[in-house]
1. Quick check, is G57 touching a strand residue (DSSP E or B) at 6+ places or on another chain (Cβ under 8 Å) and free of Cβ contacts under 8 Å to residues at least 24 places away in the same chain?
2. Looking at region 38-49, is at least one residue modelled with pLDDT under 90 and either at positive phi or of a type in the set (F, W, Y) (or both)?
3. When the residues of region 27-44 are filtered to those that are touching a residue at least 24 places away in the same chain (Cβ under 8 Å) and within 15 Å of D15 (Cα to Cα), which remaining residue is nearest to the chain's Cα centre (by Cα)?
4. Within the bounds of region 67-77, is there any residue that is surrounded by 11 or more Cβ atoms within 10 Å (Cβ to Cβ), assigned to a loop (DSSP other than H, G, I, E, B) and not basic (K, R)?
5. Take the residues of region 113-138 that are outside any strand (DSSP E or B) and surrounded by 11 or more Cβ atoms within 10 Å (Cβ to Cβ): which is modelled with the highest pLDDT?
6. Among (1) surrounded by 17 or more Cβ atoms within 10 Å (Cβ to Cβ); (2) under 19 Å from Q111 (Cβ atoms), there is one condition L50 misses while meeting the rest; what is its number?
7. I'm trying to understand the selection: among the residues of region 62-96, which are among the basic types (K, R) and either under 18 Å from F18 (Cβ atoms) or modelled with pLDDT under 95 (or both)?
Amino acid sequence: MSNKDEGRRRIKSVDRAFRILGVLKEEGSSGVTDVANELDMSKGSVHTYLSTLKQHGAVMEYNGKYRLGLQLLEIGEFAKRQNLVYQCAQDPLDELATETGELARLVVQEQGHGVYLYKISLSSDRRAEFYSTRLSDDPS
């Protein structure tokens, strides 16, 4: 979130849901109690949020632990395909990697983060990757 957004009206339940997703992103998987302790929320509230997120495919539950659901990947992939830079850069990056034999990556800036949208290397199969990192990070 940028500083200019801080003064705007916010829906707290959406903020809480994204905080829960953030914990699951950081931890890989987590139980209700762990998420509740991490976010200083009641176990009942966390369970309700997780149950709702599960109904929408945003999280999955296995043996009492929750993890991010693949529905989020589908949404992210759709967002990536809608990005005009991605649409325009994919073929030139493929050509660049072919001509140089080197790794080629596409990174765009969004909300103060570098988002890796595409990566190709001739030394491995063509892979499109999609993740966000702080612009100062370098995930070699």
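1. On the way: touching a strand residue (DSSP E or B) at 6+ places or on another chain (Cβ under 8 Å): no; free of Cβ contacts under 8 Å to residues at least 24 places away in the same chain: yes.
Considered against the rule, which asks whether it is touching a strand residue (DSSP E or B) at 6+ places or on another chain (Cβ under 8 Å) and free of Cβ contacts under 8 Å to residues at least 24 places away in the same chain, G57 comes out as no.
2. Let us first name the residues in region 38-49 that are modelled with pLDDT under 90, namely none.
No.
3. Narrowing region 27-44 to residues touching a residue at least 24 places away in the same chain (Cβ under 8 Å): 28-32, 35, 41.
Now narrow it down to the ones that are within 15 Å of D15 (Cα to Cα): 35, 41.
Values: V35: 18, M41: 23 Å.
Here the answer is V35.
4. Looking for residues that are surrounded by 11 or more Cβ atoms within 10 Å (Cβ to Cβ), assigned to a loop (DSSP other than H, G, I, E, B) and not basic (K, R), one finds at least one in region 67-77, hence yes.
5. Here the residue is S121.
6. (2)
7. Residues of region 62-96 among the basic types (K, R): 65, 67, 80-81.
Those that are among the basic types (K, R) and either under 18 Å from F18 (Cβ atoms) or modelled with pLDDT under 95 (or both): R67, K80, R81.
The values are calculated or read from the model by the stated rules, or taken from the named source; none is laboratory data. Keep in mind that this is a model prediction, so the values were computed, not measured. Note: ideal-geometry Cβ built from the backbone for every residue, glycine included; neighbour counts use all protein chains shown.
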